[in-house]
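What follows draws every value from the coordinates through simple rules; no lab data is involved. Because the structure is predicted, anything quoted here is derived from the model rather than measured. Every residue, glycine as well, gets a Cβ built from its backbone with ideal geometry; the counts of neighbours run over all protein chains shown.
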């Protein structure tokens, strides 16, 4: 009897697995939720976002310690879409749009943390939990580069997602 | 010399970035837990628990990648765990005090501890307590009941970080009542 073709899931380098599994645990183990707030999705999202923020903030500092300054805001965002995304998710952002007034939309057509979830609508409602950490990473990275922002994410169909970055300007 | 296709501002190689991303995420998680839970003991317990959950999954990936056959004895198991550390965390523990039913994994420095300092208030925190959990979870999936615990930690001034693993018993698949 012929064996089914080898699964492709084992082709990613093994050193990417620990973070993936840890990320899964953050979402599903309930470890971030206090007993009386079990099932509070907003508390979960906000803690995931904060863990991402703190991680992104520190990571970018280490990654760019020998780098020169960015030319402007757009240059910084482009860096996030290309080099930074490649460094942490092994691919570039597929599409970047901006209104040139401080709003940027980053579209990833196959976001790594969603790529192992069924592409049907079945788990669509769980989507936001898988994006909160990354929203935090973007906000943290930008924050350390001197740009304060709000980052939210949306999914229309798995595994495509969009990150909306809104720059907060000092008034 | 290989030519670089694009010039990236990020000069660190992918392995290093993966590892730092993980280390920093883990560090932030521990920090968050210390804030959220009343006692450090609870934090240790929670870390062990998520480690166990991760172990249940990591073993599958490990077996799929390596095609290792069954272990012949506990030393064999220990060597495979050693190989897994190298593979997933690029850490190289050495084995010591191997007996028929116990062994130690000794790390020169605490895994994930490269950016960490423990404040005095966290003197009882077992920073890498996720690892004993992973070992326990992974072994359970291959029918081995083991006990694993951190007995020395460089973050607390010890010379090395040591995780002791004790074999308790072989597990047998229990069929649900009423099934043959």
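Would you please give the FRET efficiency between residue B:7 and residue B:172, computed as 1/(1 + (r/R0)^6) with r the Cβ-Cβ distance and R0 = 41 Å, to the nearest 0.05? Spell out each step's value before the answer.
Values: r = 58 Å, r/R0 = 1.42.
E(calc), rounded to 0.05, equals 0.10.
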Item to check | Whole-angstrom gap from region A:121-171 to region B:50-79, using each part's C-alpha centre | outcome: 35
Next on the checklist: Give the average, rounded to an integer, of partner chain Cβ atoms located within 10 angstrom of each Cβ in B:158-168.
Outcome noted: 0
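Evaluate 2.2 N^0.38 Å with N set to the residue count of region A:33-171, then give the Cα radius of gyration divided by it. Don't skip to the end; give the middle numbers.
Working: Rg = 15.2 Å, N = 139, 2.2 N^0.38 = 14.3 Å.
In units of the globular-protein estimate, region A:33-171 measures up at 1.06.
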Checklist entry - Between the helical axis of A:41-63 and the dominant principal axis of chain A, each derived from Cα atoms, what acute angle in degrees is found, rounded to the nearest 10? => result 60
Next on the checklist: Over chain B, with a Gaussian network built from C-alpha contacts below 10 Å, which listed residue (B:90, B:18, B:67) shows the highest mean-square fluctuation?
Outcome noted: B:67
Checklist entry - For region B:31-80, what does the alpha-carbon gyration tensor say about shape, rounded, prolate or oblate, given a ≥ b ≥ c as the root eigenvalues, a/c under 1.5 as rounded, and a/b over b/c as prolate? => result prolate
Checklist entry - Relative to the longest principal Cα axis of chain A, at what angle does helix A:127-144 sit, 0 to 90 degrees, rounded to 10? => result 30
Checklist outcome for this item: In vacuo Debye sum over C-alpha of the protein assembly as shown, base-10 log of normalised intensity I(q)/I(0) at q = 0.09, 0.11, 0.13 Å⁻¹, listed in q order, is -0.55, -0.82, -1.12
Checklist entry - Mean separation of Cα pairs under 8 Å and 6+ residues apart, divided by the residue count of chain B: what relative contact order is that in percent? => result 24
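Order these peptides, A:83-91, A:71-79, by their mean beta-carbon neighbour count within 10 angstrom, highest first.
Numbers: A:83-91: 19.7, A:71-79: 15.6.
Answer by packing, highest mean first, reads A:83-91, A:71-79.
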Checklist outcome for this item: Here the gain from full extension of residue B:115 to residue B:35, 0.36 nm per residue of separation minus their alpha-carbon distance, amounts to 26.9 nm
Checklist entry - How many partner chain Cβ atoms sit within 10 Å of a residue's Cβ in peptide B:45-53, on average, as a whole number? => result 3
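Going by a ≥ b ≥ c, the root eigenvalues of the Cα gyration tensor, does region B:1-92 fall in the rounded group (a/c under 1.5), the prolate group (a/b larger than b/c) or the oblate group?
Working: a/c = 2.90, a/b = 1.09, b/c = 2.66.
Oblate, since a/c reaches 1.5 and b/c is not below a/b.
Cα gyration tensor of chain B, axes a ≥ b ≥ c as square roots of the eigenvalues: rounded (a/c below 1.5), prolate (a/b > b/c) or oblate?
On the way: a/c = 1.65, a/b = 1.24, b/c = 1.33.
Taking the square roots of the gyration eigenvalues as a ≥ b ≥ c, chain B is oblate.
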Item to check | Most mobile listed residue (B:83, B:64, B:138) in chain B, GNM with C-alpha springs under 10 Å | outcome: B:64
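What order do you get for B:39-51, B:162-174 when each peptide is scored by the mean count of other beta carbon atoms within 10 Å, highest first? Write down the numbers at each step before the final one.
Values: B:39-51: 19.1, B:162-174: 13.8.
For the peptides B:39-51, B:162-174, the packing ranking is B:39-51, B:162-174.
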Next on the checklist: Which residue fluctuates most in the GNM of chain B (Cα springs below 10 Å): B:132, B:69, B:111?
Outcome noted: B:69
Checklist entry - How well do other chains shield peptide A:85-94, expressed as the mean number of their Cβ atoms within 10 Å of each residue Cβ? => result 3
